[in-house]
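Note sheet for the following structure.
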Amino acid sequence: MTSATASPAVTSRWEEGLKEYQKFKLADDLGKAYGENTSAPPKGRRAGVLLHPTSLPGAYGVGSIGKEAHAFVDWLASAGMQLWQVLPLVPPEDTYWSPYSGLDALCGNPLMIDLDDLVVRGLLDKKDLPEKMKVADAHFPTVRKVKGPLLVKAARTLLTDERFDAMRAELAAFRKANAWVEESALFYALTQAPDTANMAWWDWPEDLRKRDLKTVQAAREEHREVIELFVAEQFIFDKQWTAVKAYANSQGVNIVGDIPIYVGGQSADVWANQGLFELEASGAPKMVSGVPPDAFSETGQLWGSPLFKWEAHEKEGYKWWAQRLGRVFSMHNETRIDHFRGFAGYWAVKADAKTAMGGAWLKGPGRNLFDALTKQLGEVPIIAEDLGVITADVVALREDIGAPGMAVLQFAWGSGAANPHLPHNHYENCVVYPGTHDNSTCQGWWDEDASKDDKKNLKAYLGMSKVQDVPYKFIEVGMRSVARTTIFTMQDVMRLDNKARMNKPGRAEGNWAWRVGESSVWKKLKKEAAQLKTFAELFDRLPPREQEASSEGASEKP
């Protein structure tokens with residue numbers, strides 16, 4: 001139902017032989033070629049790289065979704081990779097800039113818009129471009145200060161310049177197909193308006209809070225200019241990202257997204273759909289998300305996002321979820337869902353609690369949600385992030401809907417032979433990561449995190465007296481795994497230590513800023529691409545076209 005493994009783009013010789021065989025009748029002569037087709041059936045094994053677009057090269061302070069994204073796709077294809085995994089593409093909150101605390105679950109992050117592409121399209125003049133910056137870790141407040149006015153100028157040009165009649169027709173079509181953008185735009189406009197800026201929406205005047213029809217319509221008229229510019233920016237983002245996705249797919253690379261299960265309370269998602277969330281009469285969160293105390297936290301984790309009112313979602317046929325995932329699948333070929341376990345059972349905490357200790361486990365929607373999504377969307381290709389406290393019902397739900405789970409090799413070495421992250425415990429419908437964006441880099445893990453026992457167990461498991469080139473040893477172990485999919489971070493491909501770590505949970509500042517370097521980085525990483533391609537060929541993870549070519553070449557050898 002929800003398998004995240006894409007069908008091979010090229011029909012294998014195995015499949016061709018089977019189709020030919022099915023044409024024959026009982027006792028027919030199968031022909032001389034019958035016994036020659038002994039190739040193995042395709043298993044859909046694949047490998048890919050995790051790199052958020054903000055980490056790409058780019059001259060204006062942050063990675064962007066123009067030519068640099070296309071260049072990365074070319075590098076992935078040269079390395080035999082079939083997947084590019086990104087973090088959430090949503091606009092992040094602007095305190096710590098986490099994409100997992102997005103301001104809107106359906107919008108794109110306009111700071112990723114490529115300025116050079118806007119010049120090519122005529123939406124900006126070349127003289128508008130800011131001074132180029134040396135590539136360094138992203139400083140998002142500076143990026144917003146530099147790019148923000150230029151994005152507004154480009155949006156205004158699109159809306160008013162007669163040269164862009166055809167593009168305005170595309171904008172109108174985008175608006176019609178994505179009605180949610182109207183609520184997102186209005187919410188944004190209200191968060192910028194003098195009377196309602198710097199306030200939680202549940203502190204707005206009652207008629208706005210409760211979305212009185214006349215008041216909301218009056219607000220749309222009052223803030224029409226801001227709304228129009230916001231929608232135009234979202235259209236430009238969508239146009240650029242759609243081009244990136246189309247190019248990646250044409251090169252045999254699928255885009256893997258990532259979304260948190262919950263959405264932020266201060267968002268159009270909640271304000272426009274208040275009946276679907278656990279809120280007080282004022283609109284303030286009543287019950288919020290988190291996880292209970294465990295070995296890593298004596299008081300648990302209090303995330304603070306309002307919980308879903310699942311009975312209301314069930315009553316409306318899970319249409320909100322269908323809209324959310326429909327948008328996600330328009331931007332990605334498949335997606336990871338963070339905290340998948342919340343669909344089986346979730347930790348509920350009162351909003352005024354100081355810690356997560358006093359919460360309770362409540363039953364989630366389970367299979368009913370995914371049946372509804374399948375009915376409305378067709379295939380629902382997700383990866384279930386099933387790390388942490390995982391009970392039998394979570395595993396049963398994941399297996400019931402056919403979604404791959406996860407294993408993380410950095411977690412494998414400390415708790416005996418039954419550890420589910422050890423390679424001999426992997427299963428085929430699984431995604432193996434050496435480490436994720438929330439972990440140390442593999443070199444950083446070895447240098448800073450791994451205990452003496454971890455290192456001893458790792459060396460014993462691999463049959464080595466010492467481990468050299470730690471990142472590529474982890475990548476190789478992932479490639480060897482029976483798991484159908486393995487994904488590794490770009491930092492590990494580049495053999496970087498924890499100075500390049502993307503996120504350290506529990507650390508508020510200093511996350512999400514890492515970047516790969518200048519545009520020349522892909523030429524410098526040719527050897528790494530070749531090594532990855534060698535692994536992909538050795539362990540049956542090449543793209544289907546290259547597998548066919550490889551097997552044909554092998555069959556021609558004497």
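The values are calculated or read from the model by the stated rules, or taken from the named source; none is laboratory data. Because the structure is predicted, anything quoted here is derived from the model rather than measured. Using ideal geometry, Cβ is built from the backbone for each residue, glycine included, and neighbour counts are taken over all protein chains shown. Surface areas here come from the heavy atoms of the whole protein model, side chains and all, with no ligands, DNA or RNA. Shrake-Rupley method; radii C 1.70, N 1.55, O 1.52, S 1.80 Å.
Structure notes:
- Residues of the range 122-144 satisfying the condition of being more than 28 Å from the chain's Cα centre (by Cα) and either buried (at least 17 other Cβ atoms within 10 Å of the Cβ) or not charged (D, E, K, R) (or both): GLY122, LEU123, LEU124, LEU129, PRO130
- Selection count where residues are open to solvent by less than 60 Å² (accessible area, probe 1.4 Å), closer than 23 Å to ALA71 by Cα and not hydroxyl-bearing (Ser, Thr, Tyr), scope the range 502-527: 10
- The residues listed here are THR485, THR489; of these, the one that is open to solvent by less than 20 Å² (accessible area, probe 1.4 Å), closer than 20 Å to ASN511 by Cα, at pLDDT 95 or above and β-branched (Val, Ile, Thr) is THR489.
- If you go through the range 108-123 and pick out every residue that is part of a loop (DSSP other than H, G, I, E, B), in contact with a Ser or Thr (Cβ under 9 Å, 6 or more places away or on another chain) and in contact (Cβ under 8 Å) with a residue 60 or more places away in the chain, you end up with 4.
- Per this entry, MET464 is not counted among residues that are farther than 27 Å from ILE259 by Cβ, in a loop (DSSP other than H, G, I, E, B) and touching a strand residue (DSSP E or B) at 6+ places or on another chain (Cβ under 9 Å).
- Qualifying residue in the range 279-290 (condition: over 25 Å from the mean Cα position of the chain (by Cα), surrounded by fewer than 21 Cβ atoms within 10 Å (Cβ to Cβ) and free of Cβ contacts under 8 Å to residues at least 60 places away in the same chain): yes
- Candidates PRO544, PRO471: the one that is more than 20 Å from VAL256 (Cβ to Cβ), surrounded by 15 or more Cβ atoms within 10 Å (Cβ to Cβ) and touching a residue at least 12 places away in the same chain (Cβ under 8 Å) is PRO471.
- Where a residue in the range 437-464 is surrounded by fewer than 21 Cβ atoms within 10 Å (Cβ to Cβ) and its partner, wherever it lies, is aromatic (Phe, Trp, Tyr), with Cβ under 7 Å and at least six apart: ASP454/TRP413; ASN457/TRP413
- Residue that is least open to solvent (accessible area, probe 1.4 Å) [pool: residues in the range 291-309 that are within 25 Å of the chain's Cα centre (by Cα) and polar (S, T, N, Q)]: SER305
- Tally of residues being aromatic (Phe, Trp, Tyr) and modelled with pLDDT of 95 or more across the range 268-301: 2
- Close contacts from the range 236-258, counting a first residue that is closer than 21 Å to VAL431 by Cα and open to solvent by 10 Å² or more (accessible area, probe 1.4 Å) and a second that is of a type in the set (A, V, I, L, M) and in a strand (DSSP E or B), with Cβ to Cβ under 6 Å and a gap of 6+ residues or different chains, come to ASN254/LEU83.
- Test: LEU51 is open to solvent by less than 40 Å² (accessible area, probe 1.4 Å) and free of Cβ contacts under 8 Å to residues at least 60 places away in the same chain: no
- Lone qualifier among LYS147, LYS214 - being part of a helix (DSSP H, G or I) and either without any contact (Cβ under 8 Å) to a residue 12 or more places away in the chain or open to solvent by 50 Å² or more (accessible area, probe 1.4 Å) (or both): LYS214
- Checking the range 218-232 against the condition returns a match, with at least one residue being closer than 30 Å to MET287 by Cα, assigned to a helix (DSSP H, G or I) and either in contact (Cβ under 8 Å) with a residue 12 or more places away in the chain or open to solvent by 60 Å² or more (accessible area, probe 1.4 Å) (or both).
- Note on the range 394-420: among residues that are open to solvent by 30 Å² or more (accessible area, probe 1.4 Å) and under 25 Å from the mean Cα position of the chain (by Cα), the one that is farthest from ASP454 (Cα to Cα) is ASP400.
- Residues of the range 259-272 satisfying the condition of being surrounded by fewer than 22 Cβ atoms within 10 Å (Cβ to Cβ) and under 18 Å from GLY326 (Cβ atoms): ILE261, ALA272
- Residue in the range 332-348 that is assigned to a helix (DSSP H, G or I), open to solvent by 20 Å² or more (accessible area, probe 1.4 Å), modelled with pLDDT of 95 or more and under 30 Å from ALA248 (Cβ atoms) present: no
Conditions tested, residue by residue: (1) aliphatic (A, V, I, L, M); (2) assigned to a helix (DSSP H, G or I); (3) in contact with a strand residue (DSSP E or B) (Cβ under 6 Å, 6 or more places away or on another chain).
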{"position": "PHE370", "(1), (2), (3)": "no, yes, no"}
{"position": "VAL394", "(1), (2), (3)": "yes, yes, no"}
{"position": "ALA403", "(1), (2), (3)": "yes, no, yes"}
{"position": "GLN410", "(1), (2), (3)": "no, yes, no"}
{"position": "SER415", "(1), (2), (3)": "no, no, no"}
{"position": "ASN419", "(1), (2), (3)": "no, no, no"}
{"position": "ASN439", "(1), (2), (3)": "no, no, no"}
{"position": "GLU448", "(1), (2), (3)": "no, yes, no"}
{"position": "LYS456", "(1), (2), (3)": "no, yes, no"}
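- Residues that are of a type in the set (Phe, Trp, Tyr) and touching a strand residue (DSSP E or B) at 6+ places or on another chain (Cβ under 9 Å) within the range 300-319 comprise TRP303, PHE308, TRP310, listed in sequence order.
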